[in-house]
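The values are calculated or read from the model by the stated rules, or taken from the named source; none is laboratory data. These numbers were taken from a predicted model, which means no experiment stands behind them. Don't worry about glycine lacking a Cβ; one is built from the backbone with ideal geometry, like all the others, and counts go over all protein chains shown. Side chains are part of the model used for accessible areas, which takes the heavy atoms of the whole protein and leaves out ligands, DNA and RNA. Shrake-Rupley method; radii C 1.70, N 1.55, O 1.52, S 1.80 Å.
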Amino acid sequence: QVKLVESGGGLVQPGGSLRLSCAASGSILSIGDMAWYRQTPGNERELVASISNGGGTNYPDSVKGRFTISRDNAKNTASLQMNRMKPEDTAVYYCKAGIQRYGSPYVNEYWGQGTQVTVAS
């Protein structure tokens, strides 16, 4: 089995910083794109940041210049550094990865369980 586990969520004041981590474990042959999404009640999940296996990144305008995604291919991890945070960044943050398991020719999407991030004073 393959599992993604997020950590690092919590409460932070406006203007503050928080770092989220995502660790993939299990029978993993390779990991392609990794990404962070967020979701607030009543809304769809929205992309926050993505990173390819080669390190290419993509951000929506809402977080560009404030958030930075990175990954460690040797450790099967991804991180999201969030700076100058705003109340509107409050959401449940999810990690997603495209993973090929040993013995399978397919790449499947896997999601973590989510971690709550709250920006408030």
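Just the number, please: Stokes-Einstein D of the chain in µm²/s, Kirkwood Rh from C-alpha pairs, 10 °C, 1.306 mPa s. Calculated translational D: 109 µm²/s.
Judged by the mean number of other Cβ atoms found within 10 Å, the most tightly packed of the peptides 78-85, 41-48, 13-20 leads the ranking 78-85, 13-20, 41-48.
Surface composition of the chain: carbon and sulfur make up 47 percent of the accessible area, probe 1.4 Å. Across the chain, C-alpha contacts under 8 Å between residues 6 or more apart give a mean separation that, scaled by the residue count, equals a relative contact order of 36 percent. For the chain, the Cβ-based charge dipole about the Cα centre amounts to some 240 debye (Lys, Arg positive; Asp, Glu negative; other atoms uncharged). Residues in the stretch 39-54 carry Karplus couplings, in order, of 8, 10, x, x, 10, 7, 5, 10, 5, 9, 6, 9, 9, 7, 4, x Hz; the curve used is 6.51 cos²θ - 1.76 cosθ + 1.60 with θ = phi - 60°, and Gly or Pro positions show x. Proximity of backbone amide H atoms, modeled 1.01 Å from N, is registered between VAL48 and TRP36, TYR37, ARG38 at under 5 Å, excluding neighbours fewer than 5 places apart on the same chain.
In the full protein context, the chain carries 53 Å² of accessible surface per residue, based on a 1.4 Å probe and ignoring ligands, DNA and RNA.
Taking the chain as the region of interest, the number of lysine pairs whose Cα atoms are within less than 16 Å, with members eight or more places apart or on different chains, is 4. Here the Karplus curve 6.51 cos²θ - 1.76 cosθ + 1.60, taken at θ = phi - 60°, turns the phi angles of the stretch 64-80 into couplings of 4, x, 10, 10, 9, 9, 9, 8, 10, 5, 5, 9, 6, 10, 9, 9, 10 Hz, with x standing for Gly and Pro.
Between the amide H of PHE67 and those of ASN83, distances stay under 5 Å, these residues lying 5 or more places away or on another chain, with hydrogens modeled in the peptide plane.
Summarising the amide proton neighbourhood of LYS86: residues at separation of 5 or more, or on other chains, whose placed amide H is nearer than 5 Å comprise GLY15.
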